[in-house]
Amino acid sequence: MERIREDEILIRRYLMGEASQEEQCLIEQRLLTDREYFNTLIKVEEDLIDEYAAGETIEKEKFESHFLNAPERRERVEFARALSRYISAEKIRERSKANSPISAKPLWQGRLIQALSAGAVLLMVASTLWLLIERSRLLARIERQQSEFRQREEELKRQADEQLSRNEEMTRQLDSDKTEIARMEEEIARLERGGQRDENAVSLVLVPGLSRDQNQVATANLSPAAKSLRLELETDGENYPSYRVVVQTAEGETLWSRDSLRARRAGKSVVITLPAALLARSDYLVALDGRRADRYERVSTYFFRVVRKQTSR
Amino acid sequence: MTQEAFDRLLAFLDLDRDRAGARYEEIRSQLIKIFMCRGCAVPEELADETINRVARRLQEISSAYEGDPALYFYGVAQMVHLEYVRRKPVPLPPPPPNATEEAELKYECLEKCMESLSDANRELILAYYGEDNHAKIDRRKELAERLGIGANALWIRAHRIRERLRECVSRCLKNRQQ
């Protein structure tokens, strides 16, 4: 150890140009033959460069005029200065890390933590944006569905109201029909009851066909006392829900009409009762129409004649 | 130098060609260092001149020479140095105190090169060169004990890393200048 220290001191003097000729010769021969000694010179040389770079060299002028004569040594001095500066900066960074809550970690761990933190922040921002967009989309969808539901609800309500209205109409129609039926049945019953006693009611059965043949025309002989003429219009069999009857003179003038009539005897005939006062002596045409849905169809036409009887003296 | 002369030179250094080649490189770097230590501005040129002269004379002396061949190189190197000094070369101008721009570039390159080191090597460099004066000696001793190696082995390790850094910085500067 002592020998190494003596060698280093001598080499230092040699490098600064302070060795004697004899010392120089010995040192240089040893440099060529002793590898360890050569390494020692490199080491001392490096120490001298570092001291100069740090501003610690005592004989600065001698160092610059002798030691730095070679371009390679100047380049090494510049490198040593850069290294010294880097090490100083690194010490400051280490001290500030030691003062922070996060204790000093190897550089790669600190960068990994930074990268992970940045990644986590980006992920959070991206997640928040996605959630906002998704919320907005879902709200719009809910609103659309609510609107559709309201529209369906209104439509159903409207349909229900319409149905109710139709039901009420049908109920009214049914009641009306019942009333008419009852009235007619009562009329029929009255007529049937009073037919034998009432000398003043005349009945006539008409068959379909239009014939003015004198011998085939159905004729009703009405006395002055006759109050009504009952006509039974025979049909061909098709039973309509209701019928309309129009009585016209031969000249085409409508004398009497009635609708919403029902057929009797399973659709075989329709019965009407005409006031006798309407019927002067003349020929008459009867049109029978059957109602199907909202329109009337001609079922048959009939022809009859009325003859007025004179009172006997 | 002709191939024949170079082969003769290697044979002069060692009969084993590989060992002779290694020895040749050692002697060349040692001669460069000697010329540099003597304050010569062109140590590589002077070292190569020395080697060429030795190679030229080998045909005359190799059979009779005894002793370490390196010392023969030293003798020729002395002559080469004397001639150099007699030529009174113009000394290099002193280095500028602050070549700021280049220093900044060098620092940036060093930062980049330090990042390319392994964590272990980087920590070793910071620890080995991180202290001044007496603290430096204690720190290096402590570092050597921690690594379980001697002081010399520690220095060799640190020096090699430092040389690699220096070469890295040199390449970086060349790339930037191109």
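Evaluate the following for residue B:27: is it within 26 Å of residue A:44 (Cα to Cα) and touching an Asp or Glu at 6+ places or on another chain (Cβ under 6 Å)?
Values: within 26 Å of residue A:44 (Cα to Cα): yes; touching an Asp or Glu at 6+ places or on another chain (Cβ under 6 Å): no.
No, not satisfied.
Among A:89, A:54, which is small (Gly, Ala, Ser) and either within 7 Å of another protein chain (Cβ to nearest Cβ) or surrounded by 19 or more Cβ atoms within 10 Å (Cβ to Cβ) (or both)? Can you show your working first?
Values: A:89 fails: either within 7 Å of another protein chain (Cβ to nearest Cβ) or surrounded by 19 or more Cβ atoms within 10 Å (Cβ to Cβ) (or both).
Answer to the check: A:54.
Out of region A:131-179, which residues are of a type in the set (Ser, Thr, Tyr) and closer than 30 Å to residue A:262 by Cβ? Explain how you work it out, then say what you get.
To start, the set of residues in region A:131-179 that are of a type in the set (Ser, Thr, Tyr) comprises A:136, A:147, A:165, A:171, A:176, A:179.
Those that are of a type in the set (Ser, Thr, Tyr) and closer than 30 Å to residue A:262 by Cβ: A:165, A:171, A:176, A:179.
Limited to region A:265-296, what total is found for residues that are part of a strand (DSSP E or B) and either in contact (Cβ under 8 Å) with a residue 24 or more places away in the chain or surrounded by 19 or more Cβ atoms within 10 Å (Cβ to Cβ) (or both)? Working first, answer last.
Here is the first cut: in region A:265-296, the ones part of a strand (DSSP E or B) are A:269-275, A:282-292, A:295-296.
Okay, now just the ones that are also either in contact (Cβ under 8 Å) with a residue 24 or more places away in the chain or surrounded by 19 or more Cβ atoms within 10 Å (Cβ to Cβ) (or both), so A:269-275, A:282-292, A:296.
Residues in region A:265-296 being part of a strand (DSSP E or B) and either in contact (Cβ under 8 Å) with a residue 24 or more places away in the chain or surrounded by 19 or more Cβ atoms within 10 Å (Cβ to Cβ) (or both): 19 in total.
Are any residues in region A:5-51 within 9 Å of chain B (Cβ to nearest Cβ) and aromatic (Phe, Trp, Tyr), and if so, which ones?
Matches in region A:5-51: A:14, A:38.
In region B:55-76, which residue that is facing chain A (nearest Cβ under 8 Å) and surrounded by 16 or more Cβ atoms within 10 Å (Cβ to Cβ) is modelled with the lowest pLDDT?
Filtering region B:55-76 for residues facing chain A (nearest Cβ under 8 Å) gives B:68, B:70-71, B:73-74.
Keeping just the survivors that are surrounded by 16 or more Cβ atoms within 10 Å (Cβ to Cβ) gives B:70, B:73-74.
On the way: B:70: 90, B:73: 93, B:74: 94.
Per the criteria, the residue is B:70.
Would you pick out the residues in region B:115-152 that are more than 30 Å from residue A:58 (Cβ to Cβ), within 11 Å of chain A (Cβ to nearest Cβ) and in a helix (DSSP H, G or I)? Even if it seems obvious, please write down each step before you answer.
Taking region B:115-152 and keeping what is more than 30 Å from residue A:58 (Cβ to Cβ), we get B:115-123, B:145-149.
Subset that is within 11 Å of chain A (Cβ to nearest Cβ): B:115, B:117-120, B:122-123.
Matches in region B:115-152: B:115, B:119, B:120, B:122, B:123.
Being more than 10 Å from chain B (Cβ to nearest Cβ) and either surrounded by 16 or more Cβ atoms within 10 Å (Cβ to Cβ) or among the β-branched types (Val, Ile, Thr) (or both) is the filter here; which residues of region A:57-74 pass it? Show your work before the answer.
Pass one, region A:57-74, residues more than 10 Å from chain B (Cβ to nearest Cβ): A:57-60, A:62-63.
If the condition is that a residue be more than 10 Å from chain B (Cβ to nearest Cβ) and either surrounded by 16 or more Cβ atoms within 10 Å (Cβ to Cβ) or among the β-branched types (Val, Ile, Thr) (or both), then A:57, A:58, A:63 are the ones that fit.
Whether any residue in region A:15-33 is surrounded by 15 or more Cβ atoms within 10 Å (Cβ to Cβ), part of a loop (DSSP other than H, G, I, E, B) and in contact (Cβ under 8 Å) with a residue 40 or more places away in the chain is what I want to check.
yes
Restricting to region B:34-54, give me the number of residues that are in a helix (DSSP H, G or I), buried (at least 18 other Cβ atoms within 10 Å of the Cβ) and in contact (Cβ under 8 Å) with a residue 40 or more places away in the chain. Step through it out loud before you land on a result.
Within region B:34-54, the subset in a helix (DSSP H, G or I) is B:34-37, B:43-54.
If we keep only those that are buried (at least 18 other Cβ atoms within 10 Å of the Cβ) too, we end up with B:34-37, B:43, B:46-47, B:49-51, B:54.
Applying the additional criterion that residues be in contact (Cβ under 8 Å) with a residue 40 or more places away in the chain yields B:34-35, B:51, B:54.
So the count comes out to 4.
Among the residues of region A:248-257, is any assigned by TED's automatic domain parsing to the domain that holds residue A:288 and crowded, with 20+ Cβ neighbours inside 10 Å? Walk me through it before giving the result.
As a first pass, look at region A:248-257 and keep what is assigned by TED's automatic domain parsing to the domain that holds residue A:288: A:248-257.
Next, from what is left, pick out any that are crowded, with 20+ Cβ neighbours inside 10 Å: none.
No, that holds for no residue.
Determine, yes or no, whether residue A:84 is more than 7 Å from chain B (Cβ to nearest Cβ), surrounded by 15 or more Cβ atoms within 10 Å (Cβ to Cβ) and either touching a strand residue (DSSP E or B) at 6+ places or on another chain (Cβ under 7 Å) or of a type in the set (Gly, Ala, Ser) (or both). It would help to see each step written out before you state the result.
Values: more than 7 Å from chain B (Cβ to nearest Cβ): yes; surrounded by 15 or more Cβ atoms within 10 Å (Cβ to Cβ): yes; either touching a strand residue (DSSP E or B) at 6+ places or on another chain (Cβ under 7 Å) or of a type in the set (Gly, Ala, Ser) (or both): yes.
Yes; evaluated as a whole, the condition is true for this residue.
The values are calculated or read from the model by the stated rules, or taken from the named source; none is laboratory data. What you are looking at is a predicted structure, and each value in this text was computed from that prediction instead of being measured. So basically every Cβ, Gly included, is an ideal-geometry build from the backbone, and we count neighbours across all protein chains shown.
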